[in-house]
Amino acid sequence: MSPDGIVTSSHPLKLFDAAKKQDKFLYACAPMLAFRQTVHKYGVDLCWTPMILAKEFNRNSFARDSDFTISTQGPPQPPTILQFGANVPVELARASSLVAPYVAGVDLNCGCPQSWACAETLGAALMNRRELVRDMVVETRGRLAADGWAVGMEKDLDDPRGRSVSVKIRVHDDLRRTMDFLDTVIGHPQNRLVDWITIHPRTRNTPSTVPIRTEALDILTSKYASTLPILLSGDVFTLSSLPIKAVPDENIRDEDPRPSNTRLSGFMSARGLLTNPAMFAGYTACPWEALETFMCNVARCPLPFKLVVHHVSEMCGPGMGSDKSALLPKKERVKLSDLNNMIELIDFLDEKFEQQTGNKSGLRRNL
């Protein structure tokens with residue numbers, strides 16, 4: 001954090017550019033602060049917050065304090081994108097102005113399929129309101145520019161006041177509607193309105209148990225990847241079985257997917273990282289050290305106890321990939337719900353760590 005209270009961070013597009021030059025994917029996730037710090041240690045380049053309602057964020061200081069937290073000590077604040085739910089241009093612009101000193105950019109969520117969000121014309125419901133989404137993006141970028149933030153995209157990569165504006169979407173059953181949406185929201189390729197897009201290739205009504213529509217992703221990336229960076233969200237559970245394939249090259253066989261042969265800039269993971277925060281570091285299952293890192297971060301940036309237990313339970317169970325090994329068997333994970341406070345949780349984890357590894361030096365040594 002700089003002396004004037006502004007969080008210093010690389011412009012998100014600079015992270016995309018650096019990854020592109022190395023022909024590596026950018027890795028992104030969307031969790032809470034202590035978890036953001038944890039996954040950042042294990043290879044995540046860019047973190048999203050959960051969706052925060054712009055209207056409430058503007059009107060209620062309690063909502064601002066409870067919904068959004070940043071790090072002022074301990075592990076550095078990872079480059080963070082605040083994800084807003086909004087349906088009024090001035091509301092999104094004002095909320096973005098309030099949060100701009102503390103984040104690397106803002107993102108409009110047009111992908112949340114939950115019924116309550118869609119009923120309020122938020123999340124995936126916005127996929128049917130392309131002009132409104134465009135107006136919110138334009139209003140927000142204009143407000144940030146008026147406040148003195150550098151929102152010139154690539155030309156502001158090295159500006160410490162550089163901030164991004166992006167959009168996360170789902171797809172329609174009729175992919176032509178998705179392309180109409182993107183044409184409107186992205187604008188002219190030479191003067192685009194958003195820094196990048198994140199695509200979740202499922203429709204609003206497609207359950208997460210149904211695989212993503214890879215054919216839709218292929219069509220959209222072939223059309224838009226030359227215009228702006230694209231992240232894939234959905235079914236990213238392990239680096240060894242990414243839900244994409246390299247573009248065939250007759251001169252190269254068995255080539256691993258890379259940005260240069262997939263048209264993708266990177267991946268966003270939620271469920272995969274919740275079970276294995278070290279996934280992007282190449283771990284096929286959650287290691288004890290990642291759980292320890294999370295608990296140490298929680299000690300510095302406290303979360304509600306029930307939320308901590310939820311995170312620990314996810315990490316201690318089998319992952320979403322082919323490696324189904326777990327830190328704790330199911331009967332031991334059930335016992336987590338009977339714990340009443342952080343002291344009991346730490347004692348429980350220390351005991352299990354010692355039983356499995358024979359190492360008596362548990363979590364407490366770093367807390």
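A few comments on the model shown:
- From most to least packed by mean Cβ count within 10 Å, the peptides 85-97, 335-347, 213-225 give 85-97, 213-225, 335-347.
- Rounded to the nearest angstrom and listed largest first, the equivalent-ellipsoid semi-axes of the chain from its Cα gyration tensor are 33, 25, 20.
- Most tightly packed first, judged by the mean number of other beta-carbon atoms within 10 Å of their residues, the peptides 195-202, 139-146, 155-162 read 195-202, 139-146, 155-162.
- Percent of beta bridges antiparallel (DSSP, the chain, rounded to nearest 5): 5 percent
- Peptides 308-316, 268-276, 16-24 ranked from most to least packed, by the mean per-residue count of other Cβ atoms within 10 Å: 268-276, 308-316, 16-24.
- Within the accessible area of segment 288-357 (1.4 Å probe), percent carbon and sulfur: 54 percent
- Separation between Cα centres of segment 124-147 and segment 275-347, rounded to whole Å: 38 Å
- Gyration tensor over alpha-carbon atoms, segment 179-317, equivalent ellipsoid semi-axes in Å: 32, 20, 15
- Dipole of the chain, positive end: most advanced residue of Gly187, Val334, Ser10 [Cβ charges, Cα centre]: Val334
- Heavy-atom surface of the chain, accessible at 1.4 Å and reported per residue (Å²): 45 Å²
- Accessible carbon and sulfur surface of segment 12-281 relative to its total accessible area, %, 1.4 Å: 49 percent
- Net charge dipole size for segment 288-357 [Lys, Arg +1 and Asp, Glu -1 on Cβ; Debye, nearest 20]: 300 debye
The values are calculated or read from the model by the stated rules, or taken from the named source; none is laboratory data. Note that the structure is a prediction, hence the values are computed from the model and not measured. Heads up, the Cβs are rebuilt from the backbone with ideal geometry, glycines too, and the neighbour counts pull from every protein chain shown. Heavy atoms of the whole protein, side chains included, go into the accessibility calculation; ligands, DNA and RNA do not. Shrake-Rupley method; radii C 1.70, N 1.55, O 1.52, S 1.80 Å.
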